[in-house]
Structures are given as C-alpha cells and as structure tokens.
Amino acid sequence: MNDTTPTIVLIHGAFADASGYAGLIEHLAAHGYPVVAPPNPLRGLASDADSIRTRVAAIDGPVVLVGHSYGGAVMGAVAAGLPNVIGQVYLAAFGLDVGEDCLTIQKSYPASLLATENAPTSYDAPGAPGGPDLYIKEKRFREVFAGDSSVATARAMFATQRPLAAFAFTQAATVRGWDSTPTWYLVSTDDNSISPKLQEFMAARMNAHTESIQASHTAFVAQPQAVALFIEKAVEDFISRSDA
C-alpha cells in the first residue's frame, strides 16, 4: 500500500452502530487499508448524509464508501458531488433513485420479517423532525437481523441496537448517488430485513458488479473475511478505473 491507497469509509445502517464492523475492520486493516467508520445519526436521510459527508470531505486522498442497509441510502447522497469518492460498495443496502424512500421501494416485493417485527417508541424520535423511533423486537431479533450469528452475538446486537427515526426511513432521496461512481453490490441471499429480490433489482439498475453471499442481513458480522475480500476486490477495480 502507498499514499494513494483509498481510505475505506464504512457507513452503518439502522438498528446498529459502527462497532458491528469490528471484524471487517480487522481484516481490512491487516491488508493495509486505512478504515474510518463514523457514526450514522439515523435521524433523517438528508441530515445523516450531511453528517457523513463532512467527515468524508475532510479525508485527504481517494475514498471508497461502503454502506450497509439504510447506510446505502445515506451513502448515495454522500457520494454525489464529492470528488475524492472513487467508488461505492453496497452490502445488502438500499440504493435509492430520486424521489424514492426506503419504505416505498419495498412495496412491490414480499414483506420482510422486519416489516412486522419492528416496534415504535411512544415518544417522538429525539433530534428528528417528527415521528417515533423504531426498534427491532427482541423475540425474533436474531431471525430478522443476524440469523447466521451466534445467539450470544445476536443478544449483544439486540441490547446495543441504535434506533432509526421513522422519518429517516420515509424521507425521499434527492439525488441518485450511483451515477457519480462505479458500484459493487453484495446480495445477502438469506436476508430477512431487505428482500434479496429487491437487492438484486437495485444492483441491476445501478449496473453494479454483483455477487451473492449465503448470509443474513449482517453478513459482515458472521463472515467478515468473505465480506472484506469482496470489498478489497471492489477497491482494486475502482483504483484501476480511476487510473485509466
């Protein structure tokens, strides 16, 4: 690796925080990649993107963005207009077109378990324009979110889950982020949070290089080495394109 090695920025999604990337960071760092995993506020699509964009814009040198789940929607908004971003990697993530939001894009596909296993708070989401916070219910958390992780790991993920403001899930995208850079997409075939068929649709329409992994919604927790290898291949592709 050298001074032009891209910094990999990991953007976490809803019901989680950046600590879920610990195994992934270990593998990427061992191969010489600088990694940053900033907190995603989960308050609103536009404001979340503004928060992450500030961090990415301050990085000296090329950047590869990696987004999981709702973090993919945020990533698309971040990438638009940032010249240091050379590529985007979607991990079972939302890739929104202008005018779409994370709720309505799912309506043409079979409902995921997440649709019935989330619960709103009785109060408005702090820091969001309105509406409640959403959590995944405890009873089926592992099945919904982390089916290929151990019971102990899933229990810890449930206990530490970060709520998503309902406003963030329903705020429409104002940019189509995948137009600005090449994209890679990793489809989780056993995903109970976002339909694998929807993942395939989003990957196809952005003309992403697409691969599949037999994994739950959080493949990077249960199979960090495999996901790290996928990201590293994507980075190599992005570098070759930017050097061309």
Projected label distance in nm at TYR109 and ASP190, using a 7 Å step from Cα toward the beta-carbon: 1.8 nm
Between region 55-127 and region 1-49, the Cα center-to-center distance that results, in Å: 13 Å
Residue among THR181, THR218, THR104 with the largest mean-square fluctuation in a Gaussian network model of the chain, springs linking Cα atoms under 10 Å: THR104
Point-to-point label distance, GLU138-ALA57, nm (Cα→Cβ direction, 7 Å offset): 4.3 nm
Dipole axis of region 148-244 (+1 Lys, Arg; -1 Asp, Glu on Cβ), positive-most option in ALA168, ASN192, PHE238: ALA168
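How much of the DSSP bridge set in the chain is antiparallel, in percent, rounded to the nearest 5?
Counting DSSP beta bridges with both partners in the chain, the antiparallel share is about 20 percent.
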Probe 1.4 Å, protein heavy atoms only - accessible area per residue of region 140-236 in square angstrom: 42 Å²
Two-site FRET efficiency, HIS31 against ASN84, from Cβ-Cβ distance with R₀ of 30 Å, rounded to 0.05: 0.90
Accessible surface of the chain, 1.4 Å probe, proportion on carbon and sulfur as whole %: 54 percent
Residue-averaged 222 nm ellipticity for the chain, from DSSP H runs of 4+ at -39500 (n - 2.57), nearest 500: -10000 deg cm²/dmol
Efficiency of FRET from Cβ geometry, THR153 and THR121, R₀ 25 Å, rounded to 0.05: 0.50
Shape of region 16-82, Cα gyration tensor, a/c cut at 1.5: oblate
Prolate/oblate/rounded call for region 122-182, Cα gyration tensor, a/c under 1.5 rounded: oblate
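The values are calculated or read from the model by the stated rules, or taken from the named source; none is laboratory data. These figures come from a predicted structure and were not determined experimentally. Positions of Cβ are generated from backbone atoms using ideal geometry, with glycine treated the same way; all protein chains shown enter the neighbour counts. Accessible surface areas use protein heavy atoms only, side chains included; no ligands, DNA or RNA. Shrake-Rupley method; radii C 1.70, N 1.55, O 1.52, S 1.80 Å.
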